[in-house]
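Note sheet for the following structure.
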Amino acid sequence: MATLKEEKNKKNLKNQKSSLEKTEMLGLYRQMFLIRQFELACAENYTKGNIRGFLHLYIGQEATAVGSISCLNNKDYIVTHYRDHGHALARGLDVNRSMAELFGKKTGLSKGKGGSMHLFDSARKFMGGHAIVGGQFPLAAGLALACQYKKTGGVVVCFFGDGSTNQGTYHETLNLASVWKLPILFILENNKYGMGSSIDRVRAGGEDFYTGVSTYDIPASQVNGMDVLAVKEATKLAIDKIRKEGGPFYLECKTFRFVGHSLADGQKYRKSEEVKFWEKQDPVEKFPKWLISAGIINQKELDEIKQKVRKEIQDSVDFANSSENPEKSEIKEDIYEMRD
Amino acid sequence: MSEMIMREAIKKALQESLENDPDVLIMGEDIGEYGGAYAVTDGLLKKFGPNRIKDTPISEATFIGAGIGAAAGGLRPVVELMSISFSLVGFDQIVNMAGNLRYMSGGQISVPMVIRAPTGAGVQLGATHSQSFETWLAEVPGLYCVCPSNPKDALGLLRTSIKNNNPVIFAEPALLYGSKGEVPEDYYEIPLGSASIVKEGNDITIMSYGAGMSIIDEVNQKLEESNISVEILDLRSLNPIDYKTIEKSIKKTNRVLIVHEDNMTNGFGAEIAAKISDIGFELINIIFGHDMLMGSKLGGMINWSTNIVVDPLMEIFFPIAPFEGLLNSYFLPDTSNPMGPVEYIGSTFIAVSLFIVAGIVLSYALSVAVVAQTITIVIFRMKTEEDNLLERKDEEELEIENEDDWSFDSDLNIKDEDNGS
């Protein structure tokens, strides 16, 4: 029979654990809501002409980035595709500087030289959005090689879309990662469309991708990418396996973007019923409802988070708006390191 | 000084780097167990082990990209391509990753890596393996590009390339792997972007890089027989180009011959020619093209002869006697010369001082088994008082012609009047 002290300790521990869980849960929600608000602000400023170029929004896919990136530590690298705002914010990149980068301002993460599709923050080992589809795979392999060679214990998370799986670099990198036992977590964000091409029209092998990876002798699993807790759990298992046993892992997240490929997309290639079906699973709506019904948070706490995030986003837009444009001479800088 | 062949010099630089810097590793197809397609890395696997000498699958895009990622992650990889033609398979990685990462990240990411690749024609490999893509890669911002012609430069340049914090394309002329040369015993490095003055001279500057240098040697010997004093430049680096050394030399000699192994259209020599014209010289015309077939059994350029370059050079630059009155004498080349295009140039200019650019140009023959090379000579000259007078005269004539052409204007006037009435 446990002593009173032991029971008290146990209760304290449980409280601590649930309090930790609550903080974590709130954190997950806050990040998803932050990404959603950021994207909405981007769309607004794109129509205002403050943001130019291509703008690919992450709306609908928030649970994938937030759930998976929450499992990483500061030794781990992230490499991603051009729909990269969500991953950047989930990794904790500065919101102001991210927005300023989209505005092409001097205060942007890359001094305005990367733009929407190429967000970088080497201090957070966020090694870029990459806009040549499939181009990021070999880079991820190389970063993983560096982790392995230097024995840092770091893992590289490589995000990619279903469209990129038809590139040669996808297959080549899966093979190389398996042969060299590289610590890479491949995260497929299967949103069913490569731009306007449904996977039904461009892929042989059915709607599931993770089953095909056994060819490369890589362990793989699939998860509901609209469920942030499920993604987090699946990622945690994968990362633990990589850290413990070495070698790559492949995680397929089934997800959906609620908006067009870019803001120029009229979405003629899909039916509105399909979009509505997926919108019912919106993680930014469903997750907080569950948090309240499970008694983890109350409406007031939720509203406070929303209010703070909205202000944070408004501040980032103000910051970007009031930032200076880069000097013209900047166009010739950062091409080489130390060259006369 | 000790004698060394090119292959050994490159290997020496690799071996030193592996010994001195634990972050250096080598990756490529069959560089380990097999010892390298051109045997450059032979024996390194035994000495440094599979962690540092990494055989890769035949996936150029991915292992080039993996080199880039490893460099971005803090290593200093040297990636070997079996042929520079295979760079095409990994071009996205080389250009968009190696070349653009630093810029697009606003200077956050460095890519300290070297991509080594055999380059050039002349070893009986057909078109797909006989190209010179260092000249394509030389125009990519963010990349350095070097191409040594001898063991000494290969060793010195590779040492510097591996230490450089930027991606470096290191093109190795496949024809020259077995060529010998003197190499200093003491440690030395050669900065990227520096041309070498192989030989000083006063009458003509002849420049090239890589395999082109061996052609220059032959041309030089012939010209020396006629007491012409040749200054020879080995560019060594295609990006950056050492324009300071080029400018100093051509301002002394006033005549230029550029030899490049590249395509005629948009070839690398045109870049230098353009720059030369930019610093005060005027392009006259391309006057001469010559195809050299690279035959099957001979494995080389079967109808190549130095006279292909030397004859028109002598014809144009040194028509009577090389040291007598060239700068103040007019001449017309012999129109019975079998080199047709020379006739053409003879009729289009009055020689004062001329500049020639010659290119050894790779183009495709229709036959699969044969690759043709073309020599092209482009002529430059400096503008003189004579020219200015002629130009003024031309302009005056043009004005007179315009005055004569009154009927055209009056037709218009009539039309206008018609419209008005």
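The residue of segment A:246-269 that is surrounded by the fewest Cβ atoms within 10 Å (Cβ to Cβ), among those that are under 16 Å from A:G163 (Cβ atoms) and among the aromatic types (F, W, Y), is A:Y269.
Within segment A:317-340, the set of residues being β-branched (V, I, T) and without any contact (Cβ under 8 Å) to a residue 60 or more places away in the chain comprises A:I331, A:I335. Checked against the criterion of being acidic (D, E), without any contact (Cβ under 8 Å) to a residue 40 or more places away in the chain, within 22 Å of A:G67 (Cβ to Cβ) and part of a loop (DSSP other than H, G, I, E, B), segment A:118-129 contains not a single residue that satisfies it.
Based on what the data block shows, is A:K105 more than 18 Å from the chain's Cα centre (by Cα), touching a residue at least 12 places away in the same chain (Cβ under 8 Å), over 21 Å from A:G246 (Cα atoms) and more than 7 Å from every other protein chain (Cβ to nearest Cβ)? Full working, then the answer.
Details: more than 18 Å from the chain's Cα centre (by Cα): yes; touching a residue at least 12 places away in the same chain (Cβ under 8 Å): yes; over 21 Å from A:G246 (Cα atoms): yes; more than 7 Å from every other protein chain (Cβ to nearest Cβ): yes.
It is true that A:K105 is more than 18 Å from the chain's Cα centre (by Cα), touching a residue at least 12 places away in the same chain (Cβ under 8 Å), over 21 Å from A:G246 (Cα atoms) and more than 7 Å from every other protein chain (Cβ to nearest Cβ).
Number of residues in segment B:80-128 that are more than 7 Å from every other protein chain (Cβ to nearest Cβ) and either more than 22 Å from the chain's Cα centre (by Cα) or not charged (D, E, K, R) (or both): the value is 34. Residue count for segment A:137-176 satisfying the condition of being assigned to a helix (DSSP H, G or I), within 30 Å of A:Q267 (Cβ to Cβ) and touching a helix residue (DSSP H, G or I) at 6+ places or on another chain (Cβ under 7 Å): 7. Of the residues making up segment A:168-179, at least one is surrounded by fewer than 24 Cβ atoms within 10 Å (Cβ to Cβ) and aromatic (F, W, Y).
Taken together, B:A39, B:A13, B:A9 contain a single residue that is surrounded by fewer than 21 Cβ atoms within 10 Å (Cβ to Cβ), more than 30 Å from A:G114 (Cα to Cα) and of a type in the set (G, A, S), which is B:A39. Before we move on, is A:G134 at the interface with another protein chain (Cβ under 9 Å from one of its Cβ atoms), crowded, with 22+ Cβ neighbours inside 10 Å and in a loop (DSSP other than H, G, I, E, B)? Against the criterion (at the interface with another protein chain (Cβ under 9 Å from one of its Cβ atoms), crowded, with 22+ Cβ neighbours inside 10 Å and in a loop (DSSP other than H, G, I, E, B)), A:G134 qualifies. Looking across segment A:110-120 at every residue that is more than 7 Å from every other protein chain (Cβ to nearest Cβ) and touching a helix residue (DSSP H, G or I) at 6+ places or on another chain (Cβ under 8 Å), the one that is farthest from A:G194 (Cα to Cα) is identified as A:G112. Screening segment B:125-237 for helices (runs of 4 or more DSSP H) wholly inside it with 3 or more residues that are over 30 Å from B:G73 (Cα atoms) returns the ranges B:212-225. Among the residues of this structure, B:K47 counts as one that is away from chain A (no Cβ under 14 Å), outside any loop (DSSP other than H, G, I, E, B) and among the basic types (K, R).
Can you confirm whether A:H87 is away from every other protein chain (no Cβ under 12 Å), part of a helix (DSSP H, G or I) and of a type outside the set (A, V, I, L, M)? Spelling it out, A:H87 is indeed away from every other protein chain (no Cβ under 12 Å), part of a helix (DSSP H, G or I) and of a type outside the set (A, V, I, L, M). Of the residues that make up segment A:151-166, is at least one within 14 Å of chain B (Cβ to nearest Cβ), in contact (Cβ under 8 Å) with a residue 12 or more places away in the chain and over 22 Å from the mean Cα position of the chain (by Cα)? For segment A:151-166, residues within 14 Å of chain B (Cβ to nearest Cβ), in contact (Cβ under 8 Å) with a residue 12 or more places away in the chain and over 22 Å from the mean Cα position of the chain (by Cα): present. Checked against (1) in contact with a Ser or Thr (Cβ under 6 Å, 6 or more places away or on another chain); (2) free of Cβ contacts under 8 Å to residues at least 24 places away in the same chain; (3) under 20 Å from B:K163 (Cβ atoms), B:Q108 passes all but condition (3). For A:F126, the conditions (1) over 16 Å from B:G107 (Cα atoms); (2) more than 9 Å from chain B (Cβ to nearest Cβ); (3) buried (at least 24 other Cβ atoms within 10 Å of the Cβ); (4) not small (G, A, S) are fulfilled apart from (1).
A:A140 fulfils the conditions (1) free of Cβ contacts under 8 Å to residues at least 60 places away in the same chain; (2) facing another protein chain (nearest Cβ under 7 Å); (3) buried (at least 24 other Cβ atoms within 10 Å of the Cβ); (4) touching a strand residue (DSSP E or B) at 6+ places or on another chain (Cβ under 9 Å) except for a single criterion, (1).
Under the condition of being small (G, A, S) and buried (at least 22 other Cβ atoms within 10 Å of the Cβ), which residue from segment A:90-102 is farthest from the other protein chains (Cβ to nearest Cβ)?
A:A90
Could we say that A:Q31 is surrounded by fewer than 23 Cβ atoms within 10 Å (Cβ to Cβ) and not small (G, A, S) here? No. Looking at segment B:57-79, is at least one residue surrounded by fewer than 19 Cβ atoms within 10 Å (Cβ to Cβ) and aromatic (F, W, Y)? Looking through segment B:57-79, none of the residues is surrounded by fewer than 19 Cβ atoms within 10 Å (Cβ to Cβ) and aromatic (F, W, Y). When the residues of segment B:11-28 are filtered to those that are in a loop (DSSP other than H, G, I, E, B) and in contact with a strand residue (DSSP E or B) (Cβ under 7 Å, 6 or more places away or on another chain), the one that is farthest from A:L139 (Cα to Cα) is B:D21.
Where a number appears in this text, it was derived from the coordinates with a stated rule and is not lab data. If you're wondering where the values come from, they're calculated on a predicted model, not measured in any experiment. Neighbour counts are summed over all protein chains in view; Cβ atoms, including those assigned to glycine, are modelled from backbone coordinates with ideal geometry.
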